[in-house]
Amino acid sequence: MITLYDFGNSGAAYRARIALNLKELDYKQVPIHLTKDGGQQFNPEYTEINPQNFVPTLIDSDVELIQSMAIMEYLEEVYPDPSILPGDVNDRAQIRALANIVACDIHPINNLRVRLYLADEMEVTPENQKIWIEHWIRVGFMAYEKFYDKGPQGKFSYGDAPTIADACLIPQIANARRNGCDLSDFTILLKIEQICQALQAFEKALPANQPG
């Protein structure tokens, strides 16, 4: 049985759940609440498992993995069918590039620890924190849509099947909404979101549908 250390509103954990669901894999969830008790990710027991004190962490038999992108790549290699990195070498590279627009350039500078640092150490007001978050989301989403236009322009982010790019995009859209960002300009991304959310794999992964 696969075990996923998880938090419902974590974008990184959310994308790992989508990947597991797309692979139709059974997994046990262990909730790690990022704000309760000073942050359960800092418990010594969890620090032993994930020295970064992040979620998700995936355990599959004797394999322990941190970092959502590494987790999704692992799932693709160990459980290749159905594929979430389909196509030839060029297709797979393009899908990774889309995924990394979110995972490397939007999400890390807007996640919980950055927001807490902005508030607690830099004394950035809530209004300016929102400006910060929305700015980087808009910059990333504009690039994502331009990249989509250069690809096969299918139903999903790249082609007509869901991939790791969609697994990254949908949680970031949810995060944008949670922070009150105006997404009305991003018609392509909203259309992709609608198509993804019609799939059980994405619905099952929704933060509202998670334990803990």
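Taken together, the values in this text are just the output of simple stated rules run on the coordinates, not laboratory data. Keep in mind that what you see is a predicted model, and the values were worked out from it rather than measured. Here the Cβ is made from the backbone with ideal geometry for all residues, glycine too, and neighbour counts use every protein chain on show.
Some observations on this one:
- The chain: relative contact order in percent, alpha carbon pairs under 8 Å with at least 6 residues between: 28
- Around Asp185: net Lys/Arg minus Asp/Glu count, Cβ-Cβ under 10 Å: -1
- Dipole in debye (nearest 20) - the chain, about Cα centre, beta carbon charges: Lys, Arg +1; Asp, Glu -1: 520
- Spatially proximal lysines relative to Lys191 (Cα-Cα < 18 Å; intrachain offsets below 8 disregarded): Lys146, Lys150, Lys155
- Shape call, the chain: gyration tensor on alpha carbons, a/c limit 1.5: oblate
- The lysines whose alpha-carbon is closer than 27 Å to the alpha-carbon of Lys28, local same-chain residues fewer than 8 away aside, are Lys36, Lys204.
- Proximal charge balance of Cys104 [Cβ under 13 Å; K/R count +1, D/E count -1]: +1
- Positive-end residue, the chain charge dipole about Cα centroid, Cβ charges, pick of Pro82, Leu190, His107: Leu190
- Other residues within the sphere of radius under 14 Å centred on the Cβ of Tyr46, judged by their own Cβ, net out at -4 (K and R +1, D and E -1).
- The helix-only estimate of mean residue ellipticity at 222 nm for the chain, built from DSSP H runs of length n ≥ 4 each weighted as -39500 (n - 2.57), is -15500 deg cm²/dmol after division by the residue total.
- Förster radius 22 Å - calculated FRET efficiency between Asn209 and Glu48, Cβ distance, rounded to 0.05: 0.15
- Distance between the pseudo-spin-label points of Leu183 and Leu199 (7 Å out from Cα toward the beta carbon): 1.6 nm.
- For the range 89-202, the equivalent ellipsoid derived from the alpha-carbon gyration tensor has semi-axes of 27, 14, 12 Å in decreasing order.
- Averaged over residues, the count of other Cβ atoms within 10 Å places the peptides 95-103, 78-86 in the sequence 95-103, 78-86, highest first.
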